[in-house]
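Structure, as structure tokens:
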Ligand SMILES: [Mn+2]
């Protein structure tokens, strides 16, 4: 049996940087995945807000039911921060995701109701960071017969309110799948002695961020027939249009231009600072960029470039 674990769908409203039919693109991707998998588990943020236009909700219900009938697939999800008001699972009944669930189109996995498929147990933690942090302090999934899988809709080792390796290492789960952050891990996963953590990113490109112009969309699949082998989890590519066919041309050129502009300015400033002995002691690329008014995204991009070549960025 193949279980696809799919990153944020983020249905509606249509992002202003897109020129194609974003909603239809989402439906097409669901169908592609449904053709391949027996079960599909979403990692939260099915919707971009707790209440979206009901036309999207009903079309999505129809489409999920169509896929269920056509491809004999089942849909599940955990709850994402965008799916409920105030990051509170108790508000599910007033949300678009709640309607999806009541309509029977999708089943919701909660900490109280984990999902058991074959010899795999899919657990999750609360969507609110503080509650989630308290929750995992009292959890131990250790089991010798069942593979415990944790589905998480939170930041990991980056940003504020993020989880760290230490938070998960003693939980007794073998795999952790992350939603929320739309940007995938560079290699898709990080392997630790205790568990492997996966982040494949959103299957949608709803923001005109640099990485969305170049990346391949994919999702991890657990093949339960290959349990215990090194092929137990593999990745499947999601076919989609090239970036230039879905994003406004300004979105693409603006991003490239912005980055080039700052890299160029930075080079000039570094040259200047380097030849000036009196300023060398307070030389900081980060500070220079801040002074130039570089946006956080650009700073991050440059920082990554430095780190890629093992150079210090401070
Ligand atoms: Mn989210």
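Rule-based calculations on the coordinates, nothing more; no lab input. Just so it is clear, the structure is predicted and the values come from calculations on it, not from any experiment. When we count neighbours, we look across all protein chains shown, and the Cβ atoms used for this are built from the backbone with ideal geometry, even at glycine.
Here are some notes:
- For the chain, a Gaussian network of Cα nodes joined below 10 Å ranks 272, 72, 119 by mean-square fluctuation, and the top entry is 272.
- Beta bridge orientation in the chain: antiparallel %, DSSP, nearest 5: 40 percent
- Spin-label model, residue 229 to residue 140: label points 7 Å out along the Cα-to-beta-carbon direction sit 3.3 nm apart.
- The mean of 1/r over all distinct Cα pairs in the chain, once inverted, gives the Kirkwood hydrodynamic radius of 21.1 Å.
- Rounded to two decimals, the Cα-based Rg/Rh of the stretch 101-216, with Kirkwood Rh, is 0.98.
- Bridge type composition, the stretch 156-314 - antiparallel percent by DSSP, nearest 5: 65 percent
- Sorting the segments 196-203, 145-152 by their residues' average number of neighbouring beta-carbon atoms within 10 angstrom, most packed first, yields 196-203, 145-152.
- The packing ranking, built from the mean of other Cβ atoms within 10 Å per residue, places the peptides 37-43, 73-79 in the order 37-43, 73-79, highest first.
- Only Cα pairs under 8 Å and 6+ residues apart enter the sum, and on that basis the relative contact order of the stretch 2-245 stands at 20 percent.
- For peptides 291-297, 10-16, 244-250, sequence by mean Cβ density within 10 Å, most packed first: 10-16, 244-250, 291-297
- With respect to the chain, whose longest principal axis is taken over its alpha-carbon atoms, helix 54-71 is tilted by about 60°.
- Between the stretch 138-155 and the stretch 1-43, the alpha-carbon centres lie 25 Å apart.
- Between helix 249-274 and the chain: long-axis angle, C-alpha atoms, 0 to 90°, nearest 10: 40 degrees
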